[in-house]
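Down below is the structure, laid out as structure tokens.
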Amino acid sequence: MELKQSLGKSENTRSRILDAAASMFAKNGVANTTLREITRAAKVNMAAVNYHFGSKEALANAVFRDLAERVNTKRREEIARCVAAAEAAGSLPGVDDLVDIFLEPYVGREEPWTSMLLVHLVMLHRVEPTQWTREIIASQFDPLAREFVDALHLALPDRDKSELYWRYYFMPGTVIFALSDAPRSKRLLSLSQGECDTAQADVLAVQLRRVLINMLSGPPGEPLTPGLQEAGSVRVGEADRN
């Protein structure tokens, strides 16, 4: 009985640390969060963090690995259900349904901190990739991406699969760029002179959905030869000045 109580108490302490770290990483990012702040929020001492995780990097690894596994397992299950339902109905999966599945962790309201934790994870991996971010991306996000593109190819069978990979590849960047605007630069608010505000979560979700559906379901493009530009495209360097 005493052993079970001890194990239960230990697991409860670990969960409190993970919850506190997730909340603070979501608000401030990993670099701007200290272990002391996490221990205060979790109501534990530093020895408990060291015992369960050993370091802030290991704690961040655990937080983001749990997030990625939870989010992407659910999304992969939803993709499979979407494809199965379409097959049973003798129809094609809906691009709008697939976009909703992709967007849910970013704009949904079910899980606290999920959206901003995903933003921090993707930005961290892009700006300063580590061994553990590479492992999380490879084990959790890459399988999701391949299954999403497979489902998208079922929804849009006249599109070349390589083109769908390109279109998918631009999706996370679009979402991350939009979500990171509100708490930081508020550039869209300034650019539109107050008419458009990414802090309006419901409006942002609708706009992201429209953009992604249009981007994915747009007409097929002509095959491009590597090294050659498509007619009418901007020259290299010109885009950087906009």
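The values are calculated or read from the model by the stated rules, or taken from the named source; none is laboratory data. The shown structure was predicted, so the numbers you read here are calculated from the model rather than taken from an experiment. Neighbour counts are summed over all protein chains in view; Cβ atoms, including those assigned to glycine, are modelled from backbone coordinates with ideal geometry. What goes into the accessible areas is simple: the full protein's heavy atoms, side chains included, and nothing from ligands, DNA or RNA. Shrake-Rupley method; radii C 1.70, N 1.55, O 1.52, S 1.80 Å.
Here are some notes:
- Reported count of residues in the range 42-60, each being buried (at least 16 other Cβ atoms within 10 Å of the Cβ) and more than 18 Å from Val122 (Cβ to Cβ), is 8.
- Conditions (1) surrounded by 13 or more Cβ atoms within 10 Å (Cβ to Cβ); (2) out of contact with any Leu (no Cβ under 8 Å at 6 or more places or on another chain); (3) modelled with pLDDT under 95: number failed by Asp150: (3)
- Boolean, Arg209 is touching a Leu at 6+ places or on another chain (Cβ under 8 Å), open to solvent by 40 Å² or more (accessible area, probe 1.4 Å) and under 30 Å from Ala89 (Cβ atoms): yes
- Where Ser190 falls short, out of the listed (1) among the hydroxyl-bearing types (Ser, Thr, Tyr); (2) modelled with pLDDT of 95 or more; (3) open to solvent by 40 Å² or more (accessible area, probe 1.4 Å): (2)
- Enumeration of residues in the range 61-75 that are of a type in the set (A, V, I, L, M, F, W, C) and open to solvent by less than 20 Å² (accessible area, probe 1.4 Å): Val63, Phe64, Leu67, Ala68, Val71
- Options Ser233, Ser180, Ser185; residue that is at pLDDT below 95, over 30 Å from Lys56 (Cβ atoms), among the polar types (S, T, N, Q) and out of contact with any strand residue (DSSP E or B) (no Cβ under 7 Å at 6 or more places or on another chain): Ser233
- Residue check for Arg134: exposed (fewer than 13 other Cβ atoms within 10 Å of the Cβ) and touching a helix residue (DSSP H, G or I) at 6+ places or on another chain (Cβ under 8 Å): yes
Results for (1) open to solvent by less than 20 Å² (accessible area, probe 1.4 Å); (2) more than 19 Å from Ile79 (Cβ to Cβ); (3) charged (D, E, K, R), shown as yes or no for each residue.
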position: Met123; (1), (2), (3): no, yes, no
position: Val127; (1), (2), (3): no, yes, no
position: Leu144; (1), (2), (3): yes, no, no
position: Asp181; (1), (2), (3): yes, yes, yes
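- Scanning the range 100-148 for residues that are more than 21 Å from Arg167 (Cα to Cα) and of a type in the set (Asp, Glu) yields Glu110, Glu111, Glu128, Glu135.
- Residue that is modelled with the highest pLDDT [pool: residues in the range 1-37 that are within 17 Å of Leu121 (Cβ to Cβ) and either among the β-branched types (Val, Ile, Thr) or not in a helix (DSSP H, G or I) (or both)]: Thr33
- Hits in the range 76-108 (condition: within 30 Å of Ala58 (Cβ to Cβ) and not in a helix (DSSP H, G or I)): Gly108
- The lone exception for Pro172 - which of (1) within 18 Å of Tyr106 (Cβ to Cβ); (2) open to solvent by 40 Å² or more (accessible area, probe 1.4 Å); (3) not acidic (Asp, Glu) it fails: (2)
- Odd one out for Ala205, checked against (1) without any contact (Cβ under 8 Å) to a residue 40 or more places away in the chain; (2) small (Gly, Ala, Ser); (3) in a helix (DSSP H, G or I): (1)
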